[in-house]
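Okay, handing you the structure first.
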Amino acid sequence: MASFTVTALAPALGAEISGLDLRAPLAADGIAALKRAWREHLVLRFRGQLLSDPELLALSRVFGELDPPGPNPYGKPFLAEFPEINVISNVKKDGVPIGNLGDGEAVWHCDMTYIETPPMAALLHALDVPPSGGDTFWANMYLACETLPRALRQAIDGRRAIHDATYNSAGMMRKGMKDVTDPREAPGARHPLVVRHPETGRAALYLGRRRNSYILGLPLDESNELLDQLWTHATQPEFTFRQQWQPHDLILWDNRCTLHRRDSFDPGVSRIMHRTQIKGAAPVPYVEPGTMAA
Ligand code: OGA
Ligand code: MN
């Protein structure tokens, strides 16, 4: 039996897994135990993991089939040899960015929910991190859902929202997109606002990102007002975990029941992360037990 310890990192979500070397293949019982800890804590952190790119890929496959990165603004993979790996970095080589997201803030978001089948998880491996700044935060969307004021929950019951495909979390326009003037016409998937997590069966608030979001069927101003209330509720500090990166931290998160954001950092320092993501299924609406789906 692979033995490791699980230590909660914040009351809302996040746990540190220690005692594992992720370069070594995990036994089946160890994988099962890890997945249980993951379902419970949503975000797992492993420190001091000296993973090569092939090792990161092998580890990622433990959690499912790899989902290639979404198109980046430069139209080709950052690592020609490992196209399944995405690079998150502000570093430029000969004036050309080696990765995505730059050095600015990345606003609260869920990854790639503008497509019908967003990735279910992601792994982020820190190779080079700034001495300060660039912290990443996650928020627990089960908790956000369970604590929604009743009127707010009722207002979104059975509703879907548009997950705009136009901009990434760093505010850059995606390749081939044009500016959105009316959120009701934004391109991108329409997902239920409350989803059922396929493994835990729990209800999670599913917001994607705020910019150009729109709750279908409502007048625009009503949709905006509701969305502002939902976002304020969902991102309150009590629901979050803050990650201050050390080199060779590896973080695994569940993209179906969390949001994340990143602080900006000094453009003069370098931050390099290698990242993979795991294929997911189309989000399904949560239906209260004892009620029939319409
Ligand atoms: C991501 C992301 C934030 C960060 O990899 O999906 O949002 O801290 N990264 O780099
Ligand atoms: Mn992200």
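Since every read-out is calculated from the coordinates, none of them should be taken as a lab result. Source: prediction; values computed, not measured. Cβ coordinates were reconstructed from backbone atoms using ideal geometry, including for glycine residues, and neighbour counts include every protein chain displayed.
With a ≥ b ≥ c the root eigenvalues of the C-alpha gyration tensor of the range 82-215, is it rounded (a/c under 1.5), prolate (a/b larger than b/c) or oblate? Don't jump to the answer; show the numbers that get you there.
On the way: a/c = 2.13, a/b = 1.52, b/c = 1.40.
Prolate, because a/c is 1.5 or more and a/b exceeds b/c.
Rank these for me by crowding, Met172, Met141, Met112, going from fewest to most other beta carbons within 10 Å.
Values: Met172 16, Met141 27, Met112 22.
In increasing order of surrounding Cβ atoms, one gets Met172, Met112, Met141.
Over the range 151-233, what lengths in whole Å, largest first, do the semi-axes of the equivalent ellipsoid take, defined as the square roots of 5 times the eigenvalues of the alpha-carbon gyration tensor? Working shown, then result.
Numbers: eigenvalues 100, 51, 24 Å².
Calculated on Cα positions only, the semi-axes equal 22, 16, 11 Å.
Averaging over all projection directions, find the projected area of the Cα convex hull of the chain and quote it in nm² with one decimal place. Display every interim value, and only then the final one.
Working: hull surface 63.3 nm².
Mean orientational projected area (the chain, Cα hull): 15.8 nm².
Do the sum for the chain: with -39,500 (n - 2.57) for every DSSP H run of n ≥ 4, divided by all residues, what is the mean residue ellipticity at 222 nm, to the nearest 500 deg cm²/dmol?
Value at 222 nm, helices only, nearest 500: -5000 deg cm²/dmol.
With a 10 Å Cβ neighbour count serving as the proxy for reagent exposure, in which order, fewest first, do Asp266, Asp249 appear? Please report the intermediate quantities before stating the final value.
Working: Asp266 14, Asp249 21.
Taking fewest neighbouring Cβ atoms as first place, the list is Asp266, Asp249.
While we're looking at this one, here's another question. Which value, in nm² and rounded to one decimal, describes the direction-averaged projected area of the C-alpha convex hull of the range 83-136?
Values: hull surface 20.3 nm².
Answer in nm², one decimal: 5.1.
Where does each of Glu288, Glu40 land when they are ranked from fewest to most other beta-carbon atoms within 10 angstrom? It would help to have the intermediate numbers written out before the result.
Values: Glu288 10, Glu40 13.
Fewest-to-most ranking of Glu288, Glu40: Glu288, Glu40.
Which value, in Å to one decimal place, does the Kirkwood hydrodynamic radius take for the range 1-65 when every pair of different Cα atoms is included? List each step's numbers first, then the result.
Values: mean 1/r = 0.0813 Å⁻¹.
Averaging 1/r across every pair of different Cα atoms and inverting gives 12.3 Å.
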